[in-house]
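Input: a single structure, listed below in structure tokens.
Readers should treat all values here as calculations from the given coordinates under stated rules, not as data from a laboratory. Quick caveat: nothing in here was measured; it's all calculated off a predicted structure.
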Amino acid sequence: MFGRDEIDDATVAAPPAHVAIIMDGNGRWASKRLMPRFEGHRRGVEALRRTVRAAAELGIRYLTLYSFSSENWSRPRTEVDYLMGLVKRFVRNDLADLHANNVRVRIIGEREGLDAELAELLSEVENLTAANTGLTLVVAFNYGARQEIVAAARRLAQKVAEGTLKPQDITAEAVAANLHTHDIPDPDLVIRTSGEQRLSNFLLWQAAYAEFVFIPLLWPDFDRRALETALAEYHARDRRFGGLGETDPPRQANSG
Ligand code: FPP
């Protein structure tokens, strides 16, 4: 069983509740070994499995993984098809194991435009694991933060146009409640592998007060040790949330 039943050392700092990862560098990992890019993605799934297990064992409550961005459609058709196939295989092969380990899976991103079989599989994995109480694995798939914010703005504008919402009721909480992540707390820590230092349209709203750790490892080489290194760096930071010292984050409707 993944996960931690008891805290073995009361002096160990509590892990961040929510860690989000931009899994970058699969292509470079493969190129360095004169392998085709898809081999990097295949090995990337192995790193993903290791990371889900490690996160649960370390007591992290939410783990979000950026798996396919709205912009990734511009990659060559063969690579896009390979990534879609990889996700289908992952769901088929790993669903029983995730469920047995009490992992709850949530998918964020646009479902429209996905092939029907994949959309069906994503719903199946969410439905089967909905009542699980262990790690929540949030898979950002066909996800783009700007698109997410635009959709939330449109939904709120629609309510104003219908007369069911007043413009002055459009608050930060109201926006957050209309994002894909409405039931997920904001990330405390965002990790990006491969040495690149940018957000690439990932959780732009939700990461407002997150700490960022950039790791030079390419994603297929990521493991529990790398995660622990990132957590140690996170713990060494002084989170101020715009104030003068360690304090609470600004209240969010979704900060549960
Ligand atoms: C970034 O590497 C990685 C991706 C765009 C895809 C990540 C996907 C997986 C790890 C596996 C599929 C997901 C699931 C949920 C099974 P890159 O291709 O941008 O690497 P590069 O920057 O070195 O070219």
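Compute the length gained on full extension between D238 and L165: take 0.36 nm times their separation in residues and subtract their Cα-Cα distance, giving the result in nm to one decimal.
22.4 nm
Between R146 and R49, 0.36 nm times their residue separation minus their Cα-Cα distance comes to what?
Gain in length upon complete extension: 32.1 nm.
So what's the gap between the Cα centers of segment 93-114 and segment 16-77, to the nearest angstrom?
15 Å
Indicate the helices, whole DSSP H runs only, in the chain that combine a mean Kyte-Doolittle hydropathy of -1.0 or more with a Cα extent along their long axis of 24 angstrom or more.
Span-like helices in the chain: 37-57, 77-100, 145-162.
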